[in-house]
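The values are calculated or read from the model by the stated rules, or taken from the named source; none is laboratory data. Worth saying up front: this structure is predicted, and the values here are computed from it rather than measured. Cβ placement follows ideal geometry from the backbone for every residue including glycine, while neighbour counts extend to all protein chains displayed. Heavy atoms of the whole protein, side chains included, go into the accessibility calculation; ligands, DNA and RNA do not. Shrake-Rupley method; radii C 1.70, N 1.55, O 1.52, S 1.80 Å.
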Amino acid sequence: MTFALFFLLLVVTTEKNWAFSFQQVYTPSLTKIPYHLKNTQSSSIKRITSQQSSKITSTLQAKTTTGDNKETNNSKESTPHNNDPLYTLPPTTSSNDVVANTGILFVDPFSDFHSQYMIDRTLNLYQSGVVKVISPYQATGLNRTSTTDEDYMKYIAPLDEESLAIWLDKIPFSITGVICESDSGLEYSEQLSVSIAKIYNNKTFKHNGYDISRRDKFAMNKVCEEKGGCKTVKQFLCKSIDEALSNAATLGCTDDIQTSKPIVIKPKRGVASDRVVLCQTLVDVPSATDDIMNSFVFGELDAQHDSVLTQEYFAGKEYAVDMVSKKGHHKTAAVWYYEKTSTYDGSRPFAYLSTRLAAPDDTN
């Protein structure tokens, strides 16, 4: 299991670099496409060109490359058909065929410099197999924005145990772990991991289970406070504008700009500070709440927000700490400093300007 743990370390330490690479390079507006816009011809939605679609498909079906970018032509790869798994066996060495007994399943492996590197290491260094799938959210978004006839649904692995068991049986090696490259595919990856574990029913397959608090900001803060003993911001989950106003007032937000304590209103599920608003007074609360309640939940196909998260505001530098844990031992892998800027009216001072890796001796 050394290689699986090594990959998990890479996932943690490089997360800030790759998390949005697919949306930025290929489909910048993919996360903004509401579910009800299926088959729409609206010119406001950025479409995937034939060239971009070919790039995505070739990335998924590409032959593996070695560390010096030379193509490894003797890798053995399946061809997806009717939702059959897309798997790759390690390349042959000398005149003997290499038989892979285990392999890693990659969800949304679009990045050339992250997942493709790990796929290359899996095949060439560890002589293990690789399976590539696309999460339903990404596959649906790709189908709706693509200008080609490519059907990305064929890359989705089924979640129901009966269909998944048949799907797994077509792979000539056992899966030992699942690695997801997209934020929007995390829930699907956890669901898939739980189902695979039930089917295998052994200790060979490693996973962290299904936990909504990894994506729900309200639940995450509660876990940090109740189970982790961490100090967290005061927060309320509000189902209406009236609730948001009432709880904002509880946090010290008033109508008077001179005495009001600013508060933050944000979606409980979201990324990249999207729709995160700094409300200086109660006057700002209704519009911020209404904006979120009329938007769609990131990573879900047909869900609209039914609540907003109201939190007290702490000014200062924002850091992200990457941790790796194994058998009760915890290690700090990296510390990142988020440099942010504000929108034109100052209501959203959370736009990412840069992400800097802090040095071990950094005291700033």
> Which numbered condition trips up T148, out of (1) touching a helix residue (DSSP H, G or I) at 6+ places or on another chain (Cβ under 8 Å); (2) buried (at least 19 other Cβ atoms within 10 Å of the Cβ); (3) β-branched (V, I, T)?
Replying inline: (2)
>> Tell me whether segment 189-205 contains one or more residues that are buried (at least 18 other Cβ atoms within 10 Å of the Cβ) and either in a loop (DSSP other than H, G, I, E, B) or among the aromatic types (F, W, Y) (or both).
In response: yes
> Within the set of pairs 6 or more residues apart or between chains, which connect a residue that is modelled with pLDDT under 90 inside segment 83-107 to a residue that is assigned to a loop (DSSP other than H, G, I, E, B) and open to solvent by 70 Å² or more (accessible area, probe 1.4 Å) with Cβ atoms less than 6 Å apart?
Replying inline: D84/K170
> Inside segment 228-244, can you point out the residues that are of a type in the set (V, I, T) and open to solvent by 50 Å² or more (accessible area, probe 1.4 Å)?
Replying inline: I241
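Considering only residues of segment 304-313 that are in contact (Cβ under 8 Å) with a residue 24 or more places away in the chain and touching a strand residue (DSSP E or B) at 6+ places or on another chain (Cβ under 9 Å), which is farthest from C253 (Cα to Cα)? Quick ask: steps written out before the conclusion?
Quick first cut of segment 304-313, residues in contact (Cβ under 8 Å) with a residue 24 or more places away in the chain only: 305-313.
Checking which are touching a strand residue (DSSP E or B) at 6+ places or on another chain (Cβ under 9 Å) leaves us with 305, 307-313.
Values: H305: 23, S307: 19, V308: 16, L309: 15, T310: 11, Q311: 11, E312: 9, Y313: 10 Å.
If we take residues in segment 304-313 being in contact (Cβ under 8 Å) with a residue 24 or more places away in the chain and touching a strand residue (DSSP E or B) at 6+ places or on another chain (Cβ under 9 Å), then H305 is farthest from C253 (Cα to Cα).
Please go through segment 159-177 and pick out each residue that is outside any strand (DSSP E or B) and of a type outside the set (A, V, I, L, M, F, W, C).
D160, E161, E162, S163, D169, K170, P172
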>> Against the condition farther than 25 Å from K268 by Cα, in contact (Cβ under 8 Å) with a residue 12 or more places away in the chain, crowded, with 16+ Cβ neighbours inside 10 Å and of a type in the set (S, T, N, Q), how does S128 come out, does it pass?
In response: yes
>> Return the pair list, or none, for Cβ contacts closer than 7 Å from residues in segment 325-337 that are under 16 Å from L357 (Cβ atoms) to residues that are surrounded by fewer than 10 Cβ atoms within 10 Å (Cβ to Cβ), at least 6 apart or on different chains.
In response: Y337/K317
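Are there strands (runs of 3 or more DSSP E) fully within segment 245-364 with at least 1 residues that are modelled with pLDDT under 95 and open to solvent by 70 Å² or more (accessible area, probe 1.4 Å)? List them. Let's see the steps before the verdict.
Working: elements: 263-266, 277-279, 308-312, 318-326, 329-341, 351-357.
Output list reads 318-326, 329-341, 351-357.
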>> Exactly one of these conditions fails for E71: (1) buried (at least 16 other Cβ atoms within 10 Å of the Cβ); (2) at pLDDT below 90; (3) touching a strand residue (DSSP E or B) at 6+ places or on another chain (Cβ under 7 Å). Give me its number.
In response: (1)
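If I ask for residues that are in a loop (DSSP other than H, G, I, E, B) and open to solvent by 50 Å² or more (accessible area, probe 1.4 Å), which ones from segment 214-227 would you list? Break it down into steps so the answer makes sense when it comes.
Our first condition is that a residue be in a loop (DSSP other than H, G, I, E, B); within segment 214-227, this holds for 215-216, 227.
Within segment 214-227, just K227 meets the criteria.
Kindly indicate whether any position in segment 178-185 is in a helix (DSSP H, G or I), surrounded by 16 or more Cβ atoms within 10 Å (Cβ to Cβ) and of a type outside the set (D, E, K, R). Give the steps one after another, and end with the answer.
First, pick out the residues of segment 178-185 that are in a helix (DSSP H, G or I): none.
No.
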